[in-house]
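Participant: What follows is a structure written as structure tokens; I'll ask about it next.
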Amino acid sequence: MKKFSEFRVGDSFYSTCSISNKELEEYLNFSRVRNAFLEDREKEKEKIVSGRAILSRMEGEFTRLSQIYGNHIIFVGTDGDPDWKNRNTRFLKTLYTNQVLKLKFTISQKDDIDEEYGKIGIDYEGTNQEGETIVISKRNIYRIKKEPPR
């Protein structure tokens, strides 16, 4: 685990995941998302993964990174990236269940809040096995305790 003081803007961390049909079904049941487009494709073996399900998995994978896990950290929101016309997230290609998603998390912002807490901005990027970008999500903001519990 890294402490707030050890993080640097530009640091990147990596992970890999996939979302199974069962995990997607559990997510859709929990979130109560209804989408006729996704429902029409349910008979196919590999299903299209909804964007929110992708982002949820990406955040989950971020919190499990060895550099992050153990910190008192909480997601507090998103800010549009001023260098990207104030956009936050774009889905560029379709992700299907059981397809491998390679994740890159980059620290794009680091600020002090007060003596006890800091704030980090994390850019997410997900690519498939062919290296094609599936999703980009910029400036996901987290509040983090500067000195984690021992």
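Each value in this text was obtained by applying a stated rule to the coordinates, not by laboratory testing. These numbers were taken from a predicted model, which means no experiment stands behind them. When we count neighbours, we look across all protein chains shown, and the Cβ atoms used for this are built from the backbone with ideal geometry, even at glycine.
Participant: If packing is taken as the average count of other Cβ atoms within 10 Å, what order do 16-22, 67-73 fall into, highest mean first?
Facilitator: Output ranking for 16-22, 67-73: 67-73, 16-22.
Participant: So what is log10(I(q)/I(0)) for the stretch 102-150 at q = 0.24, 0.26 1/Å, when the Debye sum runs over its Cα atoms only?
Facilitator: Computed log10 I(q)/I(0) values: -0.82, -0.89.
Participant: Mind giving me the nanometre distance, one decimal, between the label points for Tyr14 and Lys104, set 7 Å out from Cα along Cα→Cβ?
Facilitator: That separation, rounded to one decimal, is 0.9 nm.
Participant: Among Gly77, Gly121, Gly51, determine the one that fluctuates most according to a GNM of the chain built with springs between C-alpha atoms less than 10 Å apart.
Facilitator: Gly77
Participant: Set the Förster radius R0 to 22 Å, insert the Cβ-Cβ distance between Thr78 and Thr133 as r into 1/(1 + (r/R0)^6), and round the FRET efficiency to 0.05.
Facilitator: E between Thr78 and Thr133, to the nearest 0.05, is 0.75.
Participant: Of Pro149, Thr127, Val100, which is farthest on the positive side of the dipole of the stretch 63-150, counting Cα position, with +1 on Lys and Arg Cβ, -1 on Asp and Glu Cβ, and the Cα centre as origin?
Facilitator: Toward the positive end, the furthest listed residue is Val100.
Participant: Hand me the trypsin sites (Lys or Arg not before Pro) from the stretch 29-132 located in a DSSP loop with no more than 10 other Cβ atoms within 10 Å, in residue order please.
Facilitator: Answer in residue order: Arg32, Arg34, Lys43, Lys45, Lys85.
Participant: For every helix of n ≥ 4 consecutive DSSP H residues, a contribution of -39,500 (n - 2.57) applies; sum these over the chain, divide by its total residues, and give [θ] at 222 nm rounded to the nearest 500 deg cm²/dmol.
Facilitator: On the way: 3 runs with 30 residues, N = 150.
The helix-only estimate for the chain comes to -6000 deg cm²/dmol at 222 nm.
Participant: Suppose a student asked you for the relative contact order of the stretch 1-134, using Cα pairs under 8 Å spaced at least 6 residues apart; what percent would you report? Display every interim value, and only then the final one.
Facilitator: Values: 169 pairs, mean separation 45.9, N = 134.
Computed value for the stretch 1-134: 34 percent relative contact order.
Participant: Another one. To the nearest 20 Debye, how big is the dipole of the chain about its Cα centre, given +1 on the beta carbon of each Lys and Arg and -1 on that of each Asp and Glu?
Facilitator: Computed charge dipole of the chain: roughly 100 debye.
Participant: Which residue, Leu28, Leu103, Leu55, has the most motion in a Gaussian network model of the chain that connects Cα atoms within less than 10 Å?
Facilitator: It is Leu28.
Participant: Return an integer: the convex hull volume of the alpha-carbon atoms of the chain, in Å³ per residue.
Facilitator: Each residue corresponds to 125 Å³ of Cα convex hull volume.
Participant: Given a Förster distance of 22 Å, report the FRET efficiency between Phe30 and Lys2 from their Cβ-Cβ distance, rounded to the nearest 0.05.
Facilitator: After rounding, the FRET efficiency stands at 0.10.
Participant: Right, something else. Checking the cross-link filter: which lysines have an alpha carbon closer than 26 Å to that of Lys93, excluding same-chain neighbours under 8 positions apart?
Facilitator: In chain and number order, the partners are Lys22, Lys43, Lys45, Lys47, Lys85, Lys102, Lys104, Lys138.
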